[in-house]
Amino acid sequence: MENQFNTKLFERIGHRVVLTDAGCAFLPHARAIYAEWQDANHKIASFSDRVRGTLIIGCNNHIATHRLPSLLKTYKDQFPEVDYNFVFRTSNEVIDLVENHQVELGFTSLPREIPMDIAVRKVWKNDMRVVLSASHPFFKRKNDIISRLSNIPLISPEKLNIYHDILEDIRKYYSINSKIISNINMLETIRKMVEAEIGWSIFPKHLIDDKLREIPFMKKRFYADLACISHKKRELSRPAKEMINCINIIIKNNPTKQSKNYNIFTSILII
């Protein structure tokens, strides 16, 4: 490429290679060309009866731990020739990866605003509950719940994370004045900090065990929609299309849950 353009695109610094200014300028065009080439390959491959190739999936850590394995087991039983390449990121980063054609499918908790070119299929939902460590002294006291909770730190991710938004909704709705410990962007890390009695947070009801205890003061329910996303303008590979077919079956078999997802209180969780 450098010979063709008669321009230096890369700087060789020791064992490192970095882009020059010209290389940075060409990069979005290179990505667009590569995406078009992938689309052409996927379109031709769709004429084959065999489903094979590599499926590139972006996923947040919560879905990767608690939802994705069972889906992949069902999928792999049907399509054993498909290989996988995973990219684990926060939900916002997964959306960016899909939007920039760097992964075919993304599994993410849904933010309140989705880019126009992103297709969304809501697959699961989490019923979020306010929790503390089961051993926290909070539960031995008898005064007002909100007053007690306001004296305990709130563990929250950074502001760009929708998980932060739902916690802000709860704080404002119930006038909870907790000090905030922020920038904790992984749900499992938040869980460990809550278990260690560092503060309170929210957690999916179905994952609450004997180390966590719900604080049952909320009359309003807060749900998190977990979804599979793809790019509307991208020609998906045959493995990606078959994955979406598997997901559509899950959605079809849970119509009640899915319909509730669209009518529930607008706050949703991401992490």
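Tabulated data for the structure shown
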| read-out | value |
| --- | --- |
| Number of positions in the range 169-185 that are farther than 15 Å from ILE152 by Cα and buried (at least 17 other Cβ atoms within 10 Å of the Cβ) | 2 |
| One residue from TYR163, TYR173 being aromatic (Phe, Trp, Tyr) and over 30 Å from ILE229 (Cα atoms) | TYR173 |
| Members of the range 187-202 found to be exposed (fewer than 15 other Cβ atoms within 10 Å of the Cβ) and under 16 Å from the mean Cα position of the chain (by Cα), listed by number | GLU188, THR189 |
| Residue satisfying all of: in the range 139-163; part of a helix (DSSP H, G or I) and out of contact with any strand residue (DSSP E or B) (no Cβ under 9 Å at 6 or more places or on another chain); farthest from THR108 (Cα to Cα) among these | LYS140 |
| Filtered residues of the range 9-51 (kept if surrounded by 13 or more Cβ atoms within 10 Å (Cβ to Cβ) and modelled with pLDDT of 85 or more) | LEU9, PHE10, LEU19, THR20, ALA22, GLY23, PHE26 |
| Check on ARG121, in contact with a Lys or Arg (Cβ under 8 Å, 6 or more places away or on another chain) and among the charged types (D, E, K, R) | no |
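The values are calculated or read from the model by the stated rules, or taken from the named source; none is laboratory data. For clarity, every value in this text was computed on a predicted model and none was experimentally measured. Neighbour counts are summed over all protein chains in view; Cβ atoms, including those assigned to glycine, are modelled from backbone coordinates with ideal geometry.
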